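Following: one structure in structure tokens, then a few remarks.
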Amino acid sequence: NAGVTQTPKFQVLKTGQSMTLQCAQDMNHEYMSWYRQDPGMGLRLIHYSVGAGITDQGEVPNGYNVSRSTTEDFPLRLLSAAPSQTSVYFCASSGNLYNEQFFGPGTRLTVL
Amino acid sequence: GQQLNQSPQSMFIQEGEDVSMNCTSSSIFNTWLWYKQDPGEGPVLLIALYKAGELTSNGRLTAQFGITRKDSFLNISASIPSDVGIYFCAGQLRDSGGGADGLTFGKGTHLIIQP
């Protein structure tokens, strides 16, 4: 099993550009989530999904969209990148909402 | 939203020393998790706690779920160089009706081991 994979590992965007961060898991996990990690802030929940076709907002959802068309994939879309979205983004998955979550290696995003 | 206070923010210790860190919350959690993050990597789960009062060990690591369900601690015995990293606590309210049903993370404890 590859576990949770994320692409790209690094990305630089200009303000106003859009892009999609990819996340995939091969563990047949129902629950997937996206977090952002900023210095001194810990990890904060952006969006999560409890299964294919179901998504919900977390603590900091503004400026991000998600969809869950398959169990395996949970892409995160930045609609119009802003410098405040410069961060490290982590995707995580678990067997269900209440199990421990497994994290991907992260995507480091810089918005100029 | 829920707030987790994790302390200390950083620790400078000698190899071989024991380490203790804790998290407190203003809200009740049903699950407490402890993660370790190495530079450039995602957090890796160390210990998961599901019951108030539960004490769980994983090698040199021991964690407890506070009886009030508002706190947890992590102890590391006889620290070694590879223990260096950032340790995060995370809590989850299992039966929340809405809002942020993911994990709420503390801000981390930076563990630095001096030779």
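The values are calculated or read from the model by the stated rules, or taken from the named source; none is laboratory data. Quick caveat, the model's predicted, so the values are computed rather than measured. Glycine gets a Cβ as well: all are built from the backbone with ideal geometry, and neighbour counts include every protein chain shown. Heavy atoms of the whole protein, side chains included, go into the accessibility calculation; ligands, DNA and RNA do not. Shrake-Rupley method; radii C 1.70, N 1.55, O 1.52, S 1.80 Å.
Results, tabulated for the structure shown:
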{"read-out": "Condition check for B:SER57: free of Cβ contacts under 8 Å to residues at least 60 places away in the same chain, open to solvent by 60 Å² or more (accessible area, probe 1.4 Å) and in a strand (DSSP E or B)", "value": "yes"}
{"read-out": "Count of the range B:29-47 residues which are open to solvent by 20 Å² or more (accessible area, probe 1.4 Å) and within 15 Å of the chain's Cα centre (by Cα)", "value": "6"}
{"read-out": "For A:THR110: the one exception among (1) farther than 22 Å from B:GLN37 by Cα; (2) in contact (Cβ under 8 Å) with a residue 40 or more places away in the chain; (3) among the β-branched types (Val, Ile, Thr)", "value": "(1)"}
{"read-out": "Residue that is nearest to the other protein chains (Cβ to nearest Cβ) [pool: residues in the range A:63-84 that are under 19 Å from A:PRO39 (Cα atoms) and open to solvent by 40 Å² or more (accessible area, probe 1.4 Å)]", "value": "A:SER84"}
{"read-out": "Residue among A:MET27, A:MET41 that is within 14 Å of chain B (Cβ to nearest Cβ), hydrophobic (A, V, I, L, M, F, W, C), under 24 Å from B:LYS36 (Cα atoms) and exposed (fewer than 14 other Cβ atoms within 10 Å of the Cβ)", "value": "A:MET41"}
{"read-out": "Matching strands (runs of 3 or more DSSP E) fully within the range A:52-112 where at least 1 residues are out of contact with any Lys or Arg (no Cβ under 9 Å at 6 or more places or on another chain)", "value": "A:54-57, A:76-78, A:87-94, A:107-111"}
{"read-out": "Residue match in the range B:18-28 (condition: open to solvent by 20 Å² or more (accessible area, probe 1.4 Å), over 24 Å from A:SER94 (Cβ atoms), hydroxyl-bearing (Ser, Thr, Tyr) and over 12 Å from the mean Cα position of the chain (by Cα))", "value": "yes"}
